[in-house]
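Enquirer: Once you've had a glance at the structure underneath, I'll fire off some questions.
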Amino acid sequence: MRLQARATARLAGRITAPGDKSISHRALLLAAMAQGETRIEGLLEGADVLATADAMRAFGADVERRAPGAWRVRGRGSLAPPAQIIDCGNSGTGVRLIMGAAAGYPLEATFTGDASLQKRPMGRVLEPLTQMGARVLSSEAGRLPVTLAGGGLRAIRYRLPVASAQVKSAILLAALNADGVTEVIEPQRTRDHTERMLRAFGADLATTPHDGGGAVISMAGGQTLSGAAVRVPADPSSAAFPIVAGLLAKEGEVRIDGVLLNPLRAGLFETLQAMGADLAIDNAREESGESIGDVIARPSRLRGIVVPPERAPSMIDEYPILAVAAAFADGDTVMRGIGELRVKESDRIALMAAGLKACGVDVQEEEDGLIVRGMAHVHGGAEIATHGDHRIAMAHLVLGLAAEQPVNIDEAGMIATSFPGFAELMRSLGAEISEV
Ligand code: S3P
């Protein structure tokens, strides 16, 4: 389905964004590995997470949807050999975390995904898992499909070569069933949902500061998880789209309830505030061990800034929408240290540069960076090839709401991987988004 976004002066209303994708994957996975029953509220029912739910069934867990967002999982305390190939669809998080978890058990499993996922690097998890004793029975050039044989693992001390919560999480999940104490050193901190949730499921692990901004996470193997109650907060990476739309509008106020504000995820909010955004947090609270709050975005005149490269891990999925905000700012916004964006669902540096240029924005693409020269009036008037990337699609629709001429995206189907109901929710705020 093609979608078109047209200039919309006023955006106003109060909405709830869907559940956090990172936490949703982890909730299903830990629940399947745990003994006993887990109840999950607010689960993201996007395609990525539904693929993880199916995978957990294939590994022997009893996974049941009881009402919208309300799921019950009965785990067996371990994963069993799956009878079928595990297809994680578009989800890098799903496949990397599940491979880590599966490596801990004496089983063989084959993993695959869609065309985008088959192009993404898996060596970054296969390497440490192999060091722990897992065997890669087949994989071409570290890409999916991968067949893995697990069990009999030993602990490792591993320094992450890339700032990746997925790699850290894969190692920690394997480490649960490894002999000895595993230590993961992260030179730059990355989202800590796995650590928080492991604790909520009864595991004992320690996080200690390391070398300035980093951390060491250590955990002994041989621990059993027990089922828990999980409440999934709204995904800040999804909330980012209506928030930036609210900032770029001329009138109104957009309020998003119960957004996850974990500091390791909140880099975009910090950046937008530094750009002069009128963003407020209301009703800040703690829920299920995570900080959440209602985020209020009002029309703002933004100015370009240099985004500190060390902030990248806390907003890695938000650069596409930040680039859109930057297009409307006064002056240049410099985003560097973001080479990882080239190996996400698409090459997001290349696609944002191409999309913004097509809409009349002056952009400079670098190997690991993007510089956007903001302008008061963005022309728009382009058809964007999203290459099956949900965030590229949503970012350009938000651009179309603030540009002078309509912006089309070639295919909207993939938005449902992370944000089912995106267009409807945006329309409820007044956004002019329609099928063309
Ligand atoms: C995620 C980690 C990030 C992020 C992804 C979700 C996670 O990837 O881009 O959308 O849930 O751990 P990396 O850890 O590979 O940077």
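Enquirer: Do you know which residues across the stretch 305-332 are away from the ligand (no atom under 16 Å from the Cβ), β-branched (Val, Ile, Thr) and surrounded by fewer than 24 Cβ atoms within 10 Å (Cβ to Cβ)?
Expert: 305, 306
Enquirer: Let me spell it out: the conditions are (1) crowded, with 24+ Cβ neighbours inside 10 Å; (2) over 26 Å from residue 193 (Cβ atoms); (3) not β-branched (Val, Ile, Thr), and residue 373 meets all of them except one. Which number is the exception?
Expert: (1)
Enquirer: Which condition from (1) closer than 15 Å to residue 193 by Cα; (2) outside any helix (DSSP H, G or I) is the one that residue 222 breaks?
Expert: (1)
Enquirer: A follow-up question, please. Just to be sure, is residue 26 part of a helix (DSSP H, G or I) and either more than 24 Å from residue 413 (Cβ to Cβ) or free of Cβ contacts under 8 Å to residues at least 40 places away in the same chain (or both)?
Expert: On the way: part of a helix (DSSP H, G or I): yes; either more than 24 Å from residue 413 (Cβ to Cβ) or free of Cβ contacts under 8 Å to residues at least 40 places away in the same chain (or both): yes.
Criteria met by residue 26.
Enquirer: When only residues in the stretch 175-201 that are without any contact (Cβ under 8 Å) to a residue 40 or more places away in the chain and not in a strand (DSSP E or B) count, which is farthest from the ligand (Cβ to nearest atom)?
Expert: 187
Enquirer: Now, a different point. Of the residues 89, 94, which is under 21 Å from the mean Cα position of the chain (by Cα) and either in a helix (DSSP H, G or I) or within 13 Å of residue 147 (Cβ to Cβ) (or both)?
Expert: Numbers: 89 fails: either in a helix (DSSP H, G or I) or within 13 Å of residue 147 (Cβ to Cβ) (or both).
Among 89, 94, only 94 is under 21 Å from the mean Cα position of the chain (by Cα) and either in a helix (DSSP H, G or I) or within 13 Å of residue 147 (Cβ to Cβ) (or both).
Enquirer: Does residue 26 fit the bill of being within 16 Å of the ligand (Cβ to nearest atom) and among the charged types (D, E, K, R)?
Expert: On the way: within 16 Å of the ligand (Cβ to nearest atom): yes; among the charged types (D, E, K, R): yes.
Considered against the rule, which asks whether it is within 16 Å of the ligand (Cβ to nearest atom) and among the charged types (D, E, K, R), residue 26 comes out as yes.
Enquirer: Within the stretch 155-174, how many residues turn out to be within 16 Å of the ligand (Cβ to nearest atom) and either of a type in the set (A, V, I, L, M, F, W, C) or under 19 Å from residue 311 (Cβ atoms) (or both)? Outline the logic, then answer.
Expert: So the first thing to find is which residues in the stretch 155-174 are within 16 Å of the ligand (Cβ to nearest atom), and the list is 158-174.
Remaining after also requiring either of a type in the set (A, V, I, L, M, F, W, C) or under 19 Å from residue 311 (Cβ atoms) (or both): 160, 162-168, 170-174.
Of the residues in the stretch 155-174, 13 are within 16 Å of the ligand (Cβ to nearest atom) and either of a type in the set (A, V, I, L, M, F, W, C) or under 19 Å from residue 311 (Cβ atoms) (or both).
Enquirer: Can you name every residue in the stretch 214-226 that is more than 16 Å from the ligand (Cβ to nearest atom) and either over 20 Å from residue 290 (Cα atoms) or surrounded by fewer than 21 Cβ atoms within 10 Å (Cβ to Cβ) (or both)? Show your work before the answer.
Expert: The initial filter retains those residues of the stretch 214-226 that are more than 16 Å from the ligand (Cβ to nearest atom), namely 216, 218-226.
If the condition is that a residue be more than 16 Å from the ligand (Cβ to nearest atom) and either over 20 Å from residue 290 (Cα atoms) or surrounded by fewer than 21 Cβ atoms within 10 Å (Cβ to Cβ) (or both), then 216, 218, 219, 220, 221, 222, 223, 224, 226 are the ones that fit.
Enquirer: In addition: Report, ordered by the first and then the second residue, all pairs with beta carbons closer than 9 Å, sequence separation of six or more or different chains, a first member in the stretch 76-96 that is without any contact (Cβ under 8 Å) to a residue 24 or more places away in the chain, and a second member that is of a type in the set (Asp, Glu) and surrounded by 21 or more Cβ atoms within 10 Å (Cβ to Cβ).
Expert: none
Enquirer: Working only within the stretch 149-165, note down all residues that are surrounded by fewer than 19 Cβ atoms within 10 Å (Cβ to Cβ), part of a loop (DSSP other than H, G, I, E, B) and more than 19 Å from the chain's Cα centre (by Cα). Before you say what the answer is, go through the steps one by one.
Expert: Of the residues in the stretch 149-165, the ones surrounded by fewer than 19 Cβ atoms within 10 Å (Cβ to Cβ) are 149, 151-152, 154, 157, 159, 161-162.
Next cut, part of a loop (DSSP other than H, G, I, E, B) only: 151-152, 161-162.
151, 152, 161 - these are the residues of the stretch 149-165 that are surrounded by fewer than 19 Cβ atoms within 10 Å (Cβ to Cβ), part of a loop (DSSP other than H, G, I, E, B) and more than 19 Å from the chain's Cα centre (by Cα).
Enquirer: Right, another one. Exactly one of these conditions fails for residue 139: (1) within 16 Å of the ligand (Cβ to nearest atom); (2) touching a strand residue (DSSP E or B) at 6+ places or on another chain (Cβ under 9 Å); (3) under 27 Å from residue 343 (Cα atoms). Give me its number.
Expert: It is condition (1) that residue 139 fails.
Enquirer: Go through 41, 37, 45, 64 for me and flag whichever is loosely packed, with under 15 Cβ neighbours inside 10 Å, of a type outside the set (Val, Ile, Thr) and modelled with pLDDT of 95 or more.
Expert: Details: 41 fails: loosely packed, with under 15 Cβ neighbours inside 10 Å; 37 fails: loosely packed, with under 15 Cβ neighbours inside 10 Å; 45 fails: loosely packed, with under 15 Cβ neighbours inside 10 Å.
Going through 41, 37, 45, 64 in turn, just one is loosely packed, with under 15 Cβ neighbours inside 10 Å, of a type outside the set (Val, Ile, Thr) and modelled with pLDDT of 95 or more: 64.
Enquirer: The conditions are (1) closer than 30 Å to residue 413 by Cβ; (2) outside any loop (DSSP other than H, G, I, E, B), and residue 127 fails exactly one of them. Which is it?
Expert: The failed condition is (1).
Enquirer: Now, a different point. Could you please let me know if residue 31 is more than 29 Å from residue 298 (Cα to Cα), touching a Ser or Thr at 6+ places or on another chain (Cβ under 7 Å), modelled with pLDDT of 95 or more and buried (at least 24 other Cβ atoms within 10 Å of the Cβ)? Don't jump to the end; show me each part of the working.
Expert: Working: more than 29 Å from residue 298 (Cα to Cα): yes; touching a Ser or Thr at 6+ places or on another chain (Cβ under 7 Å): yes; modelled with pLDDT of 95 or more: yes; buried (at least 24 other Cβ atoms within 10 Å of the Cβ): yes.
In short, yes.
Enquirer: Look through the stretch 166-210, keep the residues that are of a type in the set (Val, Ile, Thr) and closer than 10 Å to residue 220 by Cα, and return whichever of them is surrounded by the fewest Cβ atoms within 10 Å (Cβ to Cβ). Give the steps one after another, and end with the answer.
Expert: Filtering the stretch 166-210 for residues of a type in the set (Val, Ile, Thr) gives 167, 171, 181-182, 184-185, 190, 194, 207-208.
Within this subset, residues satisfying the condition of being closer than 10 Å to residue 220 by Cα are 181-182.
On the way: 181: 15, 182: 25.
So, considering only residues that are of a type in the set (Val, Ile, Thr) and closer than 10 Å to residue 220 by Cα, the one surrounded by the fewest Cβ atoms within 10 Å (Cβ to Cβ) is 181.
Enquirer: Continuing with this model, one more query. Among 398, 378, 324, 334, which is within 23 Å of residue 10 (Cα to Cα) and free of Cβ contacts under 8 Å to residues at least 60 places away in the same chain? If you could, list the steps in order and put the result at the bottom.
Expert: Details: 398 fails: free of Cβ contacts under 8 Å to residues at least 60 places away in the same chain; 324 fails: free of Cβ contacts under 8 Å to residues at least 60 places away in the same chain; 334 fails: within 23 Å of residue 10 (Cα to Cα).
The unique qualifying residue is 378.
Enquirer: Scan 225, 248 and give me the residue that is under 21 Å from residue 402 (Cβ atoms) and either in contact (Cβ under 8 Å) with a residue 40 or more places away in the chain or of a type in the set (Ser, Thr, Tyr) (or both).
Expert: Values: 225 fails: under 21 Å from residue 402 (Cβ atoms).
So the residue among 225, 248 that is under 21 Å from residue 402 (Cβ atoms) and either in contact (Cβ under 8 Å) with a residue 40 or more places away in the chain or of a type in the set (Ser, Thr, Tyr) (or both) is 248.
Enquirer: Another question, if that's okay. Would you say residue 17 is within 16 Å of the ligand (Cβ to nearest atom), touching a strand residue (DSSP E or B) at 6+ places or on another chain (Cβ under 6 Å) and in contact (Cβ under 8 Å) with a residue 60 or more places away in the chain? Break it down stepwise before answering.
Expert: Working: within 16 Å of the ligand (Cβ to nearest atom): yes; touching a strand residue (DSSP E or B) at 6+ places or on another chain (Cβ under 6 Å): yes; in contact (Cβ under 8 Å) with a residue 60 or more places away in the chain: yes.
Here the answer is yes, as residue 17 does meet what is asked.
Enquirer: Test residue 146 against the criterion of being within 15 Å of the ligand (Cβ to nearest atom) and either assigned to a loop (DSSP other than H, G, I, E, B) or assigned by TED's automatic domain parsing to the domain that holds residue 101 (or both), and give yes or no. Walk me through how you get there before you give the answer.
Expert: Working: within 15 Å of the ligand (Cβ to nearest atom): no; either assigned to a loop (DSSP other than H, G, I, E, B) or assigned by TED's automatic domain parsing to the domain that holds residue 101 (or both): yes.
Judged against the criteria, residue 146 is not a match.
The values are calculated or read from the model by the stated rules, or taken from the named source; none is laboratory data. Quick caveat, the model's predicted, so the values are computed rather than measured. Using ideal geometry, Cβ is built from the backbone for each residue, glycine included, and neighbour counts are taken over all protein chains shown.
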